[in-house]
Every structure is written in structure tokens, then in C-alpha cells.
1. Out of curiosity, is B:T26 of a type in the set (S, T, N, Q), touching a Leu at 6+ places or on another chain (Cβ under 9 Å) and within 30 Å of A:Q132 (Cα to Cα)?
2. Going by the structure shown, is A:A119 in contact with a helix residue (DSSP H, G or I) (Cβ under 9 Å, 6 or more places away or on another chain), facing chain B (nearest Cβ under 7 Å) and surrounded by 14 or more Cβ atoms within 10 Å (Cβ to Cβ)?
3. Between B:F18, B:F10, which is within 13 Å of DNA strand D (Cβ to nearest atom), aromatic (F, W, Y) and under 28 Å from B:T136 (Cβ atoms)?
4. Just a yes or no: is a residue in region B:97-106 near DNA strand C (Cβ under 9 Å from one of its atoms), crowded, with 16+ Cβ neighbours inside 10 Å and more than 30 Å from A:R143 (Cα to Cα)?
5. Which ones in region B:105-119 are in contact with a Phe, Trp or Tyr (Cβ under 8 Å, 6 or more places away or on another chain) and over 18 Å from B:S38 (Cβ atoms)?
6. Of the residues A:L138, A:L126, A:L131, which is aliphatic (A, V, I, L, M), surrounded by 16 or more Cβ atoms within 10 Å (Cβ to Cβ) and either in contact with a strand residue (DSSP E or B) (Cβ under 9 Å, 6 or more places away or on another chain) or touching a residue at least 12 places away in the same chain (Cβ under 8 Å) (or both)?
7. Can you tell which of A:S51, A:S39, A:S104 is in contact with a Leu (Cβ under 6 Å, 6 or more places away or on another chain) and either at negative phi or away from every other protein chain (no Cβ under 13 Å) (or both)?
8. Can you tell me how many residues within region B:82-116 are farther than 19 Å from B:T52 by Cα, of a type in the set (G, A, S) and in contact (Cβ under 8 Å) with a residue 12 or more places away in the chain?
Number of protein chains: 2
Amino acid sequence: MKHTDKGHIFTEIVLEVFKLSGLLITEGDKITETNGLSSARWKILGALARSTTPLTVSQIARVMGQTRQAVQSLVNIMNKGGLLDFIDNPAHKRAKLVCFTTKSQQIYAKLDAEQIPWANQQSGHLDKTELQATLTILKKISRGLSYSD
Amino acid sequence: MKHTDKGHIFTEIVLEVFKLSGLLITEGDKITETNGLSSARWKILGALARSTTPLTVSQIARVMGQTRQAVQSLVNIMNKGGLLDFIDNPAHKRAKLVCFTTKSQQIYAKLDAEQIPWANQQSGHLDKTELQATLTILKKISRGLSYSD
DNA sequence: ATATAATTGACAACATATTGTCATATTGAC
DNA sequence: GTCAATATGACAATATGTTGTCAATTATAT
């Protein structure tokens, strides 16, 4: 069997996603390194910031496409470091809700102040319609895949 | 400062790339698990398969957007497991060229036989023009980012 | 040709992430 | 309401990946 035209492009996209993920982590580490953070920890804060309601560890993991164990580990470390708080979850005795602290709010705002001009600059020479199409396609691909846990 | 329209979409793409990368690794692990491989090792073979010339470890790392140390580690393990061979590189005394073995050729062919219908199926309901735009955009983003080593 | 810079393999320390397992909590079928 | 299935936190083992460093090799500038 051979790839269809679309199957071929799809495969190239998959490989490019892997590559880009590695490069973006490196880029994020550069931005966060002076704040005692890392890409992985910044992403946790980002998941919280983008949610309208507080999230549990499991919910964060699903938003991020990772296992709850990986997220739990980071969240616990960040909690010890004063970057995250747990508050009681009325809907679940064990699954607490994860929240920003004052400290992490400040750091996150600072990181945003660096990320925004970076994103604007990186996307400046890219076509808006193509960017929109890219986001649409990536989301559709994600939707068809299952979680590991 | 605020995100431009394009900067906003760009940021969403970045987060979706992280998520998708995690989901795709899980998917790849499912496909490879019966063959004593993993996503990470399959990607090494893929990088070699897609190149017209044999590659050094550093070259593989650059193609994959990872550090040479990470790739070196996997390549050494795979070499011990009979999945990769080193051959002398006329252009460099230490940097050997990495090659398939008969064993890895067979496994890779088998994985391809699973990946192809999967990619065709996953992309079946997606628009070809949008897929092409996605690949173009992702490659352009990669090009603007630097390697960690 | 020589000196300097960049590349590469090797090794170690550490960060990040998956898999497996267990006990506890919640959900859903009946 | 009961019971099975599912979801969750905790913990351990392992795989994957980055950073830092050193010595050896190659490339580059002069």
C-alpha cells in the first residue's frame, strides 16, 4: 500500500510537529530560564491561565496531551516552590483544584510580556489565512487521537 | 502590549503543537510496541529512511530538532540491539555514518505497512489545501528557530 | 601554515514524560 | 441502593531529552 497524496502530506506534518515541538521547548526554556521556570512549567501555568475555571491535575493533563502523572509531578514540585496552590474541590475529595499563587501570577505576567512580542514577530511574515488553516488542521488531528491514560 | 491577530493564532498553534506531539508519541508507541521499538526509535529510523545519503548522529539530531546527545544515546542503544550499524565516514574520523541493519529494514517496512493506512485514514477527511498550508507554515516556523547545541 | 572557532563523541547530572500498580473516590448501569 | 466501571492521587521504574563539560576533529580566517 502507498500513501495517498493527503496521507503523504499528513505524515510530513507529523514529523514536522515532532521537530517543531523540540525547537519550541528550547525556545521556551530560553525565555523562562531567568525566572526559575522552564517550558514544561510555563505550559502548566498557560493551561491554567487559558481556562475560565480552575482545573484539576487530570484536566490539565488532558488539555496538554500528557499523562496525569507527568503533570502531577510538575504540579507538586511547583506547589513546593510556591508557584501553585491547591484548593478544595467541591466535586471531588481527592482531586483538588490547582491555582496560581501571587508569585506565579507575577512571573506569568512577566513571561507574557516576553512571549507576546515574540509571537507577533514570528508570525509577522506569515499569512493569516494559512495560520488559521494550520490551527484548524492541528486541532482536528488532535481530536482524532486518544490519551494514554 | 497585546497579541496581534496573527500573533494570537501563532500562540495557539504553538500550544497545539505541544499537545499534538504528546498525543502522536502515544499513538506511535502503540504502533511500535509489538516490534520492540518505540516512537523515539522509530523516528530515528524515519530520519535515516527519508535521507538520500547516510547521516551522522549530529545530522540526524538537526533533522529531528533534538540535541545530538539525545540522538547519540538512542543510536548507541539501537546499535547494541542490532538495529543500527556504524560505517566509516570518509569526511570525518570520529563522526561515523549511521545505517540500517537487515533487522531494522524489516521492522521499518512492517511499521510502514501500518503507518500508511493510518496516515491515509487520519487525513481522509481533511482538506488537501489546508494540509499543504499547514506543512508550509510549520516548516517556516521551524526555520526561524535555532537549535539548542 | 598557523591560530582560532566550530563540530563531534563521550560521559555525567538532571529534567521531563510514560507505563504500571495500588488504594480511594466518583460515576453509571441496573 | 448496589455493584461494576471509571477517574484520580501517589509511588516506583524506566525511557526520553536537555545542559554542561572535555578531548578530539574539522573548518575558517589570516
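The values are calculated or read from the model by the stated rules, or taken from the named source; none is laboratory data. Predicted model only: the values in this text are computed from it and were never measured. Heads up, the Cβs are rebuilt from the backbone with ideal geometry, glycines too, and the neighbour counts pull from every protein chain shown.
1. yes
2. Yes: the conditions hold for A:A119.
3. That would be B:F18, the only listed residue that is within 13 Å of DNA strand D (Cβ to nearest atom), aromatic (F, W, Y) and under 28 Å from B:T136 (Cβ atoms).
4. yes
5. Within region B:105-119, the first condition is being in contact with a Phe, Trp or Tyr (Cβ under 8 Å, 6 or more places away or on another chain), and the residues that meet it are B:108, B:111, B:119.
Passing the criteria: only B:A119.
6. A:L138
7. Details: A:S51 fails: in contact with a Leu (Cβ under 6 Å, 6 or more places away or on another chain); A:S39 fails: in contact with a Leu (Cβ under 6 Å, 6 or more places away or on another chain).
Going through A:S51, A:S39, A:S104 in turn, just one is in contact with a Leu (Cβ under 6 Å, 6 or more places away or on another chain) and either at negative phi or away from every other protein chain (no Cβ under 13 Å) (or both): A:S104.
8. 1
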